[in-house]
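What follows is a set of notes on a single structure, which appears directly below.
The values are calculated or read from the model by the stated rules, or taken from the named source; none is laboratory data. Fair warning: this is a prediction, and the values are worked out from it, not measured in the lab. So basically every Cβ, Gly included, is an ideal-geometry build from the backbone, and we count neighbours across all protein chains shown. The accessibility values were calculated without ligands, DNA or RNA, using every heavy atom of the protein model including side chains. Shrake-Rupley method; radii C 1.70, N 1.55, O 1.52, S 1.80 Å.
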Amino acid sequence: MTCSPVFVRDYVMFPDGNWREEPDVSEIQVERSDQGVATIWLSNPRHLNALSNAMIIGLCEELSRLAEDLTCRAIVMRGRGGVYCAGRELGDVKALQGADLDAIKEIYEHMQKMNEAIYYSPHPVISVIEKYAFGIATMLVSWSDIALAEEDAMFGYPEVHHGITPYGAVPTMLNMMSRRAVLDLLLTGRTVRAAEALRLGILTRAVPADQLTGELDKILQDIFRGSAAAIRRSKKFVRECETLTYQQGIAAATDKSILGVGLPEMRKGIAAFLDKQKAEWP
């Protein structure tokens, strides 16, 4: 069993039982499994994985690279040290207050790219939340396709408590929940636990902490059962339908269904089912 590090101030206890000072480094770390799962780790240990400018840029770069990688079957976003992400690195925001307009524009354009890279990624994006996801971290969760959290995890948009207007949260929130629920969360900046976040649509699943890994494995196994190409098209069409009326969506679905009948993966999947076989996907 792999043990998570335990953090005390600027030191961390590693699984070997030794305490070592944790470098003050924020970064994005990526691990790949043999099955094509890319795990993106948010790592800023001294600040509960708060999202720094460097991490925002790193996420943009890694997600853009993975979008072009057809061997990737799923992207999992997690936080190092048993914490998802405490929000934005406010020291970086303070530094922007003394920067020129071009520097400010550059980082906020990267934040927009980060949003789009997650939301429009061709691959399933799964957030796995432990402990905290506040502010921009809750946005990361809401941009993900599947959001799995431990039952004691906490969420919220506390930006107004820091004099910040959470513009970036609003479009996705209005896609997930009622206008009044959006206003309740944004105007009060209150914290909600996983059960309420699940009810509001921020999460898709919440389980006891000791079941988190097992639930993630179930999600990934279900994804592996499907055709990667069919999954990519399903996600793309969901995003397309968000800008269509119901009538337009049904018409588009009919057109795509007609064209999709002869696709190789559909032929393979139906043939395997009729032959009582399990379809094997690359």
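Annotations for the structure displayed:
- In this structure, Leu244 does satisfy being assigned to a loop (DSSP other than H, G, I, E, B) and surrounded by 12 or more Cβ atoms within 10 Å (Cβ to Cβ).
- For segment 172-199, the set of residues classified as open to solvent by less than 40 Å² (accessible area, probe 1.4 Å), part of a helix (DSSP H, G or I), hydrophobic (A, V, I, L, M, F, W, C) and under 16 Å from Gly135 (Cβ atoms) consists of Met173, Val182, Leu185, Leu186, Ala197, listed by residue number.
- Cross-chain or 6+ apart pairs with Cβ under 6 Å, segment 31-45 first and farther than 18 Å from Val83 by Cβ, then basic (Lys, Arg) and buried (at least 18 other Cβ atoms within 10 Å of the Cβ): Gly36/Arg73
- The residues listed here are Lys276, Lys268, Lys235, Lys256; of these, the one that is surrounded by 14 or more Cβ atoms within 10 Å (Cβ to Cβ) and farther than 23 Å from Ala117 by Cβ is Lys268.
- You will find that of Gly226, Gly156, Gly189, the residue that is under 25 Å from Ala67 (Cβ atoms) and touching a helix residue (DSSP H, G or I) at 6+ places or on another chain (Cβ under 9 Å) is Gly226 and no other.
- Against the conditions (1) in a helix (DSSP H, G or I); (2) surrounded by 15 or more Cβ atoms within 10 Å (Cβ to Cβ); (3) without any contact (Cβ under 8 Å) to a residue 60 or more places away in the chain, Asp222 satisfies every one except (2).
Yes or no, residue by residue, for (1) open to solvent by less than 40 Å² (accessible area, probe 1.4 Å); (2) of a type in the set (Asp, Glu); (3) in a helix (DSSP H, G or I):
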{"position": "Gln29", "(1), (2), (3)": "no, no, no"}
{"position": "Ala38", "(1), (2), (3)": "yes, no, no"}
{"position": "Asn49", "(1), (2), (3)": "yes, no, no"}
{"position": "Cys60", "(1), (2), (3)": "yes, no, yes"}
{"position": "Leu63", "(1), (2), (3)": "yes, no, yes"}
{"position": "Ala95", "(1), (2), (3)": "no, no, yes"}
{"position": "Gly98", "(1), (2), (3)": "no, no, no"}
{"position": "Asp102", "(1), (2), (3)": "no, yes, yes"}
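- Residues satisfying the stated conditions in segment 104-149, i.e. of a type in the set (Phe, Trp, Tyr) and in a strand (DSSP E or B): Tyr132, Phe134
- Checking segment 165-174 against the condition returns no match, with no residue being under 22 Å from Thr39 (Cα atoms) and free of Cβ contacts under 8 Å to residues at least 12 places away in the same chain.
- Considering (1) modelled with pLDDT of 95 or more; (2) closer than 19 Å to Ser26 by Cα, the lone condition that Gly81 does not fulfil carries the number (1).
- Residues within segment 136-171 that are surrounded by fewer than 18 Cβ atoms within 10 Å (Cβ to Cβ) and polar (S, T, N, Q), tallied: 1
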